[in-house]
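Data first, discussion second: the structure below is written as structure tokens.
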Amino acid sequence: MDPVELFNEVLKLAVEAEASDIVVKSNKPAYFRISGRLKPVDMDPIEGGMVREFVKATAPRNFLAAWERDAQVDYAYAAPDIGRFRVNGFQQRGTTSVVFRYVKSRPPTFDQLNLDEDILIRLAKAKDGILLVCGATGSGKSSTMAAMLNWINQNLDRHIITIEDPIEFTFTDDKSVFEQREIGVDVTDFPLAVRAVLRQNPDIILIGELRDKETFETAISAAETGHLVFSTMHAATTQQALTRLFEFFPPEQMAQARRQVAGAIRGFICQKLMPALEGGGRYAALEILVADATVRNLLLEGHFEKIQQLLDTGDESGSRSFNRDIYRLIKAAKISKAEGLRFSPNPAALDMNLKGIFVT
């Protein structure tokens, strides 16, 4: 069988099984990640040559030199009548492996993701600044960000430019106008796209990931000149995200960095996905830090250790800790108490909350 036909059959089966990810290792059957759990597919092993030929047949031509040089490649693949996938092909122990992430073409709504839309809409209405969506790989960062941009598209007139590697959700212009640039397809590399974006008259900029100091400084520059910037970071909590932001700067620039971050940040959204109580699927618990005057002062003075107390107590700004959102999901019978305690960063405090005891 042709390798592309074989993989399309596997991908079709994955979509029907509601898998979020597909893992293919040479000379092994495929594995599907369903509701966060990895499960083998009942099929014959996929021969290594088929895996390698699939990458060569589907990667954009201008990616093939990088594939041969680096032994790894990222690109988007549209399987006919099946859907779009983010693809990572790589070599391991001399053989080829491929991992797919299923990307639903239509951006989700807040309701579909079971997110508290009030605070997310308030953040999405910001005129400028930086909004960071944080979490581990596969925690739904892109979906949450897409839901916020989807709301903007339906309600506000904005020029939105995205810089992605590769493009995930695709947007159809409604009240807003979208320009979606894919690294390696529409622009040669990330730094070039980021440097050019301020000359393209955006209102809102989506930078797929804050990868380095140069990208973050461009995001700050955009925020300071009246743009709203969405981006993601691989950080499990707000505290960890703050630590990683300041790691971009050498010690002698720390005072200036605190001033810039305090002035630019509008909010942190950190999330975890937890198994649903019924029917499979998963729900996102969100830790949200809204950068109001109190938060900006703490950032300016470097009192990061006080941030967690703000999250735990919450206030009218909408800030909340993971425990507060996990509590909400348990009370709404979306997740089990056992799963909530397992994912909680402070299970003892959550257990007290569930017994009606809150420390303020």
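Where a number appears in this text, it was derived from the coordinates with a stated rule and is not lab data. None of these values were measured; they are calculated from a predicted model. Neighbour counts are summed over all protein chains in view; Cβ atoms, including those assigned to glycine, are modelled from backbone coordinates with ideal geometry.
Could you work out how far apart the two model spin labels at residue 27 and residue 179 are, taking each label as a point 7 Å from the Cα in the direction of the beta carbon, and quote it in nm?
If labels sit at residue 27 and residue 179, their model points lie 4.9 nm apart.
Shape call for region 55-107 from the C-alpha gyration tensor, a ≥ b ≥ c root eigenvalues: rounded (a/c under 1.5), prolate (a/b greater than b/c) or oblate? Present the calculation step by step, with values, prior to reporting the outcome.
Values: a/c = 2.53, a/b = 1.83, b/c = 1.39.
Cα axes put region 55-107 in the prolate bin.
As an exercise, find the ratio Rg/Rh for the chain from alpha-carbon atoms, using the Kirkwood inverse-distance average for Rh.
Values: Rg = 21.3 Å, Rh = 21.8 Å.
Value, to two decimals: 0.98.
For region 216-360, give the magnitude of the charge dipole about the Cα centre (Cβ charges: +1 Lys/Arg, -1 Asp/Glu; no others), in debye to the nearest 20. Mind showing how you got there, number by number?
Working: 16 positive and 15 negative charges, 101 e Å.
About 480 debye.
Of 107, 251, 166, which is the most mobile in a GNM of the chain whose springs link Cα atoms less than 10 angstrom apart?
251
So for region 1-69, taking the charge dipole from beta-carbon charges (+1 Lys/Arg, -1 Asp/Glu), which of 49, 4, 65 sits furthest toward the positive end?
Going by the charge dipole, the pick is 65.
Can you list residues whose amide H is under 5 Å from residue 184's amide H, if they're 5+ apart or on another chain and H is modeled 1.01 Å from N?
Here 189 satisfy the definition.
Once every Cα of region 166-219 carries one equal point scatterer and solvent is ignored, give the base-10 log of I(q)/I(0) from the Debye formula at q = 0.13 Å⁻¹, two decimals.
Once normalised to I(0) and log-transformed, intensities are -0.33.
Please report 134, 270 as a ranked list, fewest other C-beta atoms within 10 angstrom at the top and most at the bottom.
Details: 134 24, 270 27.
Lowest to highest Cβ neighbour count: 134, 270.
Count neighbours as other Cβ atoms within 10 Å of each site's Cβ, and list the GluC sites (Glu not before Pro) in region 242-333 that are DSSP loop with at most 15 such neighbours.
Numbers: sites: 247, 252, 278, 287, 301, 305, 316; in loops: 247, 278, 316.
Sparse-neighbourhood loop GluC sites (Glu not before Pro): 247, 278, 316.
Each residue of region 56-64 in order: what ³J(HN,Hα) in whole Hz does its phi give by Karplus 6.51 cos²θ - 1.76 cosθ + 1.60, θ = phi - 60°, with x for Gly and Pro?
Coupling constants for region 56-64: 5, 7, 10, 5, x, 3, 6, 8, 5 Hz.
So, R0 is 51 Å and r is the distance between the beta-carbons of residue 355 and residue 93; what FRET efficiency does that work out to, to 0.05? Don't skip to the end; give the middle numbers.
On the way: r = 51 Å, r/R0 = 1.00.
So, using R0 = 51 Å, E works out to roughly 0.50.
Residue by residue through region 180-196, which ³J(HN,Hα) values in whole Hz follow from phi under the Karplus form 6.51 cos²θ - 1.76 cosθ + 1.60 (θ = phi - 60°), with glycine and proline marked x?
Values, residue by residue: 10, 10, 9, 5, x, 10, 9, 8, 5, 8, 5, x, 5, 5, 5, 5, 7 Hz.
For 159, 227, 303, which order do you get if you count the other beta carbons within 10 Å of each Cβ and list the fewest first? Each step should come with its number before you reach the end.
Working: 159 15, 227 22, 303 10.
With the fewest neighbours first, 159, 227, 303 line up as 303, 159, 227.
Return the single residue from 312, 70, 128 with maximal mean-square fluctuation; model: Gaussian network over the chain, springs between Cα atoms under 10 Å.
Result: 70 has the largest fluctuation of those listed.
Kirkwood Rh over Cα pairs of region 16-150 into Stokes-Einstein at 25 °C, 0.890 mPa s: D in µm²/s? Could you put the intermediate results ahead of the total?
Details: Rh = 17.0 Å.
Calculated translational D: 144 µm²/s.
Comparing 192, 120, 149, which has the greatest mean-square fluctuation in the GNM of the chain with Cα pairs linked when under 10 Å apart?
Comparing 192, 120, 149 in the GNM, the peak value goes to 192.
If amide hydrogens are placed 1.01 Å from N in the peptide plane, which non-local residues have theirs closer than 5 Å to the one on residue 47?
HN-HN under 5 Å from residue 47: 27.
Taking the Cα centre of the chain as origin and charging only Cβ (+1 Lys, Arg; -1 Asp, Glu), how large is the dipole, in debye to the nearest 20?
On the way: 43 positive and 48 negative charges, 143 e Å.
It works out to roughly 680 debye.
Out of all DSSP beta bridges with both ends in the chain, state the antiparallel percent to the nearest 5. Could you put the intermediate results ahead of the total?
Details: 40 of 66 bridges.
Of all bridge pairs located within the chain, approximately 60 percent are antiparallel.
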